[in-house]
1. Restricting the search to region 107-131, which residues are open to solvent by 60 Å² or more (accessible area, probe 1.4 Å) and of a type in the set (A, V, I, L, M, F, W, C)?
2. Kindly list the number of the only condition in (1) in contact with a strand residue (DSSP E or B) (Cβ under 9 Å, 6 or more places away or on another chain); (2) open to solvent by 60 Å² or more (accessible area, probe 1.4 Å) that fails for Val103.
3. So how many residues does region 195-212 have that are at pLDDT 85 or above and open to solvent by less than 60 Å² (accessible area, probe 1.4 Å)?
4. Report the residue count in region 132-178 for those that are touching a residue at least 60 places away in the same chain (Cβ under 8 Å), open to solvent by 30 Å² or more (accessible area, probe 1.4 Å) and of a type in the set (Val, Ile, Thr).
5. How many residues, within region 93-122, are small (Gly, Ala, Ser) and in a helix (DSSP H, G or I)?
Amino acid sequence: MEEIRRSAPSVEEAVEAALGELGLTEQEADVDVVQEPRPGVFGVGAQDAVVVVRSRAKPAGDLGEEDLDEQAEIAAEFLEGMLERMGITATVEPAIEDGTMYVDVIGPEPDDEDMGLLIGRHGQTLEAIQELTRVVIGQRTGLPSRVVVDIEDYRKRQIERLSARVREIAVRVSRTGRAETLEPMNPFLRKMVHMAVAEVDGVDSSSEGEGPERRVVIARAR
């Protein structure tokens, strides 16, 4: 069972930070409030709220083919409805590739402007769509979402480039012994980094930092 301890000025902020780090919705977690926030007197003696959030959902390894199929159907239904409301014409197709369940959004023609709009600058809109889809799946199934939303293969190309770069860094760390820290990433991309590092002998990966500043550190294995 995954759990994480986080502090913030309010209980709500601490819980939100922990859920984001674990990649869970409120329906997938149990929350223990270890310490209530206290304002102090003129700023003296103030204390943050401290919470421990634990995953109560089925671990990813326990998700079967039926679970993934159900999640893909929910994601496809949600995305089709979203596209219809936006007035965007596109095809939504679930497909498993390299063990990952993707729900692909494909435009009617190459370089369709609407697809670029859905991806957004540096993939930011796609990240927001992914998060909305994750929340919908969590609310409908009570399980952690294992569906990856992709638009015109943007995500697959991103993962391919990231994995290749991470493997190069891991080989360099193995050779030099000097640990290297990557840029902050969301939970999904950090997972891809850990998987890529695992392909290289003699190195380990770990995460450090909090919230949007959390990043992966690659170091020589002890």
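1. Answer for region 107-131, where residues must be open to solvent by 60 Å² or more (accessible area, probe 1.4 Å) and of a type in the set (A, V, I, L, M, F, W, C): just Leu117.
2. Result: Val103 fails condition (2) only.
3. Total satisfying the criteria: 6.
4. Initial filter on region 132-178 (touching a residue at least 60 places away in the same chain (Cβ under 8 Å)): 134-147, 149.
Now drop any that are not open to solvent by 30 Å² or more (accessible area, probe 1.4 Å), which leaves 134-136, 139-142, 146.
Still in the running and of a type in the set (Val, Ile, Thr): 135-136, 141.
Number of matching residues: 3.
5. Number satisfying all stated conditions: 1.
The values are calculated or read from the model by the stated rules, or taken from the named source; none is laboratory data. Predicted model only: the values in this text are computed from it and were never measured. Here the Cβ is made from the backbone with ideal geometry for all residues, glycine too, and neighbour counts use every protein chain on show. In case anyone asks, the SASA skips ligands and DNA or RNA and just uses the protein heavy atoms, side chains included. Shrake-Rupley method; radii C 1.70, N 1.55, O 1.52, S 1.80 Å.
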